[in-house]
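Following: one structure in structure tokens, then a few remarks.
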Amino acid sequence: DDSIAIENATFFEEINNAKQQAVAYQLELQALNADLERRVDERTAELAAANSKLIQMALHDPLTGLPNRTLIQDRLKYSIAHASREGKPLSIMMLDLDRFKEINDTLGHHVGDLFLIEIAARLRAVLRESDTVGRLGGDEFAIILPGARVESAEKVAAKIIEALVKPLELERNSLTPAGSLGIASYPDHAQNEADLLKFADVAMYVAKRSSSGYFVYNAGENIRDIPG
């Protein structure tokens with residue numbers, strides 16, 4: 001019968017159209033999912049980069065890029081724990097630059113900033129890859145020397161002083177850097193990061209007061225004479 005044939009043809013055409021629509025919908029859905037996945041991946045990468053930048057900013061000095069006080073304390077604590085497990089020594093040095101305030105006052109903070117950046121580069125050049133140098137603030141730096149006894153730390157201090165005193169040309173100004181270093185060692189002087197930092201700071205002030213370049217912490221020093 002012709003009417004049945006027409007109905008069947010119409011039915012199959014509708015089924016075929018429905019299949020085509022389903023395929024088109026599926027392809028569109030796949031494209032949307034792929035775009036969504038791409039957007040999620042991009043956003044995840046952006047968030048990871050932003051998080052990494054925040055961590056970098058939280059733990060590093062923005063001027064020199066060196067570890068800041070928080071990261072230095074954390075690394076020193078970790079280094080002490082590692083040294084304790086391995087039965088090895090370590091030393092911490094505090095460096096305070098001489099006459100830095102004069103540079104800032106007479107030549108301006110821009111030159112002072114350039115000066116600190118150059119000092120940071122000189123310190124990195126002298127130290128081993130396993131050592132850590134950080135800026136604690138102002139013109140004060142800390143250096144962690146894993147595996148170094150006092151004698152080794154003194155040799156490093158002498159190298160740092162030699163590297164510092166090379167003349168420096170900044171903004172048509174010839175400057176001769178200098179600094180004072182204090183040394184404290186684990187386990188000889190202290191067994192925790194707070195005391196090591198404090199004792200290295202004490203030794204640094206003794207070195208500055210005596211113009212000796214560097215000084216190893218001595219428990220007999222009169223701490224009451226030390227600023228702060």
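What does the net charge come to around Leu32 if you take all other residues with beta carbon closer than 12 Å to its beta carbon, with K and R at +1 and D and E at -1?
Result for the local shell: -1.
Along the charge dipole of the chain, which of Gln30, Leu54, Ala178 sits closest to the positive end, that is, farthest toward it, with unit charges on the beta carbon of Lys, Arg, Asp and Glu (+1, +1, -1, -1)?
After comparing all options, I get Ala178.
Please list, by residue number, everything in region 61-84 whose backbone N is under 12 Å from a paramagnetic label point 7 Å out along Cα→Cβ of Ser152.
83
I need the phi-derived Karplus couplings for region 18-31: 6.51 cos²θ - 1.76 cosθ + 1.60, θ = phi - 60°, integer Hz, Gly and Pro marked x.
Result, ordered by residue: 5, 4, 4, 5, 5, 5, 4, 5, 5, 5, 5, 5, 4, 5 Hz.
Mean residue ellipticity at 222 nm from the helices of the chain, using -39,500 (n - 2.57) per DSSP H segment of n ≥ 4 over the full residue count, to the nearest 500 deg cm²/dmol?
-20500 deg cm²/dmol
If you split all Cα-Cα distances of region 106-228 into 5 Å bins from zero, what percentages do you get per bin, shortest first?
2, 10, 20, 23, 20, 13, 7, 4, 1, 0
Nearest 10 degrees, 0 to 90: what angle lies between the long axis of helix 150-164 and the longest principal axis of the chain (Cα atoms)?
Orientation of helix 150-164: about 80 degrees from the principal axis.
Express in nm, to one decimal, how much length is gained between Ala163 and Thr176 on full extension, taking 0.36 nm for each residue of separation and deducting their alpha carbon distance.
Computed gain between Ala163 and Thr176 is 3.6 nm.
For a quick check, take a GNM of the chain with Cα springs below 10 Å and name the residue from Ser185, Ser211, Ser174 with the largest mean-square fluctuation.
Its mean-square fluctuation being the largest, the pick is Ser174.
If I model a spin label at Ala219 and Asp113 as a point 7 Å from the Cα along the Cα→Cβ vector, what separation in nanometres do I get?
Result: 4.5 nm between the two label points.
Relative contact order for the chain using alpha-carbon pairs under 8 Å, separation at least 6, rounded to a whole percent?
After rounding, I find 19 percent.
What are the GluC sites (Glu not before Pro) within region 74-119 that DSSP puts in a loop, where the Cβ has at most 10 other Cβ atoms within 10 Å?
Hits after loop and neighbour filter: nothing returned.
How would you classify region 42-146 from its alpha-carbon gyration tensor, with a ≥ b ≥ c the square roots of the eigenvalues: rounded for a/c under 1.5, else prolate if a/b is greater than b/c, otherwise oblate?
In terms of gyration-tensor shape, oblate.
For Ala148, enumerate residues with amide H under 5 Å from its amide H, sequence gap 5+ or separate chain, H modeled in the peptide plane.
Leu90, Ser91
Given a 10 angstrom Cα cut-off, can you work out which residue in Ile183, Ile15, Ile143 is the most mobile in a GNM of the chain?
For the chain, modelled as a Gaussian network with Cα springs under 10 Å, the answer is Ile15.
Quick one: length gained pulling Phe12 to Tyr78 fully straight, 0.36 nm per residue minus the C-alpha distance?
Taking 0.36 nm per residue and subtracting the Cα distance, the gain is 16.3 nm.
Name the most mobile residue of Leu145, Leu175, Leu197, meaning the one with the largest mean-square fluctuation, in a Gaussian network model of the chain with Cα contacts below 10 Å.
Judging by the Gaussian network model, the answer is Leu175.
Can you tell me how much longer the chain between Ala49 and Arg124 gets when fully stretched, taken as 0.36 nm per residue apart minus their C-alpha distance, in nm with one decimal?
Using 0.36 nm per residue and subtracting the Cα-Cα distance, I get 24.4 nm.
Read-outs: derived from the displayed coordinates by stated rules, not from any lab. This one's a predicted model, so the numbers in the text were calculated from it and none came from an experiment. We place every Cβ from the backbone using ideal geometry, glycine too, and count neighbours over all the protein chains shown.
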